[in-house]
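Contents: one structure, followed by commentary.
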Amino acid sequence: MNSPNHFVFQERLRQALRRRGKSQRWLGEQLDNTHRTTISKWLKPRGDSFPSGLQLFLIGDLLDVGARWLVGMRDEPSRGLFPTARQSEMLSLFEELGEDGQELTLSMMRDLKMAMQQVKG
């Protein structure tokens, strides 16, 4: 029988894979060629298979979330690098600007931040 943490793990692993745009196959390849059926068993609704402690930490590193978050011991992914769709779009656009465009963008953002603070204050 599954523990509550197993259900949390299943949902959070799916969520982390989805947010990173990664597949079960990719995860298996990264985990020293862990077979995809093993990953599927971890995610099976009535499955009783669970990754080892080491695998949990590796999964967390690969998906940029904390192992404690994966098993429900924390409410936040805790790594702090779990961007939203908007943040991902901003980063992608920023990377395309090149060095000069990035410097100009940062300068404009700093100016905007100061202006917003003045309006609020």
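Listed values, structure above:
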{"item": "Subset of the range 39-48 [free of Cβ contacts under 8 Å to residues at least 24 places away in the same chain and surrounded by 15 or more Cβ atoms within 10 Å (Cβ to Cβ)]", "result": "39"}
{"item": "Among the residues listed as 25, 36, the single one being among the basic types (Lys, Arg), without any contact (Cβ under 8 Å) to a residue 24 or more places away in the chain, in contact with a helix residue (DSSP H, G or I) (Cβ under 8 Å, 6 or more places away or on another chain) and surrounded by fewer than 13 Cβ atoms within 10 Å (Cβ to Cβ)", "result": "25"}
{"item": "Test result for residue 63, assigned by TED's automatic domain parsing to the domain that holds residue 12, of a type outside the set (Phe, Trp, Tyr) and modelled with pLDDT of 90 or more", "result": "yes"}
{"item": "Counted residues, the range 1-52 - those being within 18 Å of residue 72 (Cβ to Cβ) and part of a helix (DSSP H, G or I)", "result": "18"}
{"item": "Residue that is surrounded by the most Cβ atoms within 10 Å (Cβ to Cβ), among those in the range 1-22 that are free of Cβ contacts under 8 Å to residues at least 60 places away in the same chain and among the aliphatic types (A, V, I, L, M)", "result": "13"}
{"item": "Output for the range 49-67, where each listed residue is buried (at least 17 other Cβ atoms within 10 Å of the Cβ) and among the small types (Gly, Ala, Ser)", "result": "60, 66, 67"}
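The values are calculated or read from the model by the stated rules, or taken from the named source; none is laboratory data. Because the structure is a prediction, the values reported are computed rather than measured. Cβ: placed from backbone, ideal geometry, glycine included. Neighbour counts: every protein chain shown.
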